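One structure below.
Read the figures in this text as sums done on the coordinates, not as results from a lab. Being a predicted model, the structure only gives us computed values, none of them experimental. Every residue, glycine as well, gets a Cβ built from its backbone with ideal geometry; the counts of neighbours run over all protein chains shown.
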Amino acid sequence: MEGRGFQNVILLADSYKISHHLQYPPGTTSVYSYFESRGGTFPYTVFFGLQYILKRWLSGPVITKEMIQEAKELFAAHFGTNKVFNEEGWNYILERHGGKLPLRVCAVPEGSVIPTRNVLFTVESTDPMVPWVTNFFETIFVQVWYPMTVATNSRIQKQIIHRYLKETHDNLDSLPFALHDFGYRGVSSVESAAIGGAAHLVNFKGTDTVAALPLLHRYYDAPMAGFSIPAMEHSTVTSWGKEGETEAFRNMLEAFPSGPVACVSDSYDIWKCCEKIWGEELHDFVVERSKTGGVLVIRPDSGDPPTVVLKCLEILGKAFGTETNSKGFKVLPPYIRVIQGDGISYKTVGSILENLKNHGWSAANVSFGSGGSLLQKVNRDTQKCAYKCSYAIINGEGVEVFKAPVTDVGKTSKKGRLSLHCVDGEYKTIENGKGDPKQDLLVPVFENGALLKTYTLEEVRARAELSPSDIDVFKFLEGEKQQSKE
Ligand code: AOY
């Protein structure tokens, strides 16, 4: 039970699921369901986060008689009757299985990048006495939508930045730190911050969302998954008074005499700040500090991002000079950079970098911070995530199960037992048990309470890494722009 916080898994389902054990056809001995993204904002999904759910909630013995008692009392009061709760079923799982869940889960490896409309994992019951367990746990399984969608959103932004670095710079050295997670305060809870922050770290190494770090250590074997640097906030600038801004910055450079520091510079006048404070008053100090490995990261934090970032670079370029890289683009000295942390999403990073490129500036001059848009401006519909029953065994016979609503063909579900194949880079879900087990990408990860396969963050990152055969994100972003005009 350790590590689980001893919480009651019988309370992990929607209320109506407590009543479902009485609703399957008589003779049902197994239920098989699958999870997919039925399309949505992004053309693919980075599969991530199921391992956290399995380890955190479902592995090992998870049912005790105290939990059954607690649930029995809670549901008697909640439904106003003791006839809904399946006390017998849970007692059976406790006694027959020692409190371990009779489920089998097969999933695509974490970090896989899979086009939407394909199976990502399957769940089936393994004991004919309790076939209802498969969909009882839908609620908690479907919550994988969140880490999966954040990892996807973050990876899309990595593809965009990658493309501009390729076009305007000599190397990709800055890519792992090009999008920093500023989102801790903008998410709904500490657990969500930990999960969403972890999902971002599948693609990048920069984060201020500290909650993600212990999660990745504990559940993905990563002792230190993300990094940050000392940085100012407005209070540490403005508490010095309007006339004290220079002193606030001087204090910062003295307090951290080497290494990178970030200074939010729009408290009063970002233009004057770049030109007079950084460019004149503290110019020599910044250059001197660079000799001990100091890097100054200037953070504008308001205004129209493409315009503001470009203008900051122009002013800083005049004051500190620029070099021209092999692709013919301007680069500030290596000890001056800009971080834009306001208004950043997959919709805006491209326009900022496009504007820089059009004015002869390398993408390597700037990094980004993203908060709410990265971790919170997503929902289960962003990638249209769903968990549906596709197969059951009833009276000893395997039957195909599906839905196909006339009111929305997009909600049609797949049929039968599923496999995921990939032939020449093309992913395809094979229905009706017709898949070849040797080619199936779905891996058994959980059976009867035991975790069968775990992935380290390192493996997840390697699998999610950008590749030359990547799905073209620009075709899709252009499509999105077209649609929003119409
Ligand atoms: N952090 C890079 C390190 C972090 C932050 C966190 C909300 C940082 C700022 C920075 O440079 O400026 C939460 C806003 C900013």
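Here the extension length gained between Phe256 and Glu87 equals 54.7 nm, from 0.36 nm per residue of separation less the Cα-Cα distance. Residues Tyr24, Tyr164, Tyr220, arranged from fewest to most other Cβ atoms within 10 angstrom of their Cβ, appear as Tyr24, Tyr164, Tyr220.
Between Asp304 and Asp381, what FRET efficiency comes out of the Förster formula 1/(1 + (r/R0)^6) with R0 = 41 Å and r the beta carbon distance, rounded to 0.05? About 0.90, to the nearest 0.05.
Listed from fewest to most Cβ neighbours within 10 Å, the set Lys83, Lys384, Lys272 follows the order Lys83, Lys272, Lys384. Each peptide in 318-331, 364-377 receives the mean, over its residues, of other Cβ atoms within 10 Å, and ordering these scores from highest gives 364-377, 318-331.
With N counted as the residues of the chain, its alpha-carbon radius of gyration over 2.2 N^0.38 Å works out to 1.13.
Exposure proxy for Val123, Val46: other Cβ atoms within 10 Å of each Cβ, ordered fewest to most, give Val123, Val46. Taking every alpha-carbon pair within the range 149-375, the share separated by more than 27 Å comes to 32 percent. When +1 charges are put on Lys and Arg Cβ atoms and -1 charges on Asp and Glu Cβ atoms, the dipole computed for the range 149-375 relative to its Cα centre reaches about 700 debye. Remark: the Leu74-Glu243 segment gains 54.8 nm on full extension, using 0.36 nm per residue and subtracting the alpha carbon distance.
When peptides 52-61, 103-112, 141-150 are sorted by average Cβ neighbour count within 10 Å, with the highest value leading, the order is 141-150, 103-112, 52-61.
Report, in whole Å, the centroid distance computed from the Cα atoms of the range 11-40 and the range 107-181. Cα centres, the range 11-40 to the range 107-181: 23 Å. When the listed pairs Lys403/Lys428; Lys205/Lys438; Lys357/Lys481; Lys242/Lys330 are checked against a 24 Å cut-off, the alpha-carbon distance exceeds it for Lys205/Lys438; Lys242/Lys330. Compute the label zone of Glu465 within the range 157-175: residues whose backbone N is under 16 Å from the point 7 Å along Cα-to-Cβ. Zone members listed by number: 159, 162, 172-175. Cross-link partners for Lys72 among the lysines, with Cα-Cα distance under 18 Å and sequence neighbours closer than 8 places in the same chain left out: Lys17, Lys83.
Calculated translational diffusion coefficient of the range 1-149 (20 °C, 1.002 mPa s; Stokes-Einstein with Kirkwood radius over alpha-carbon pairs) equals 131 µm²/s.
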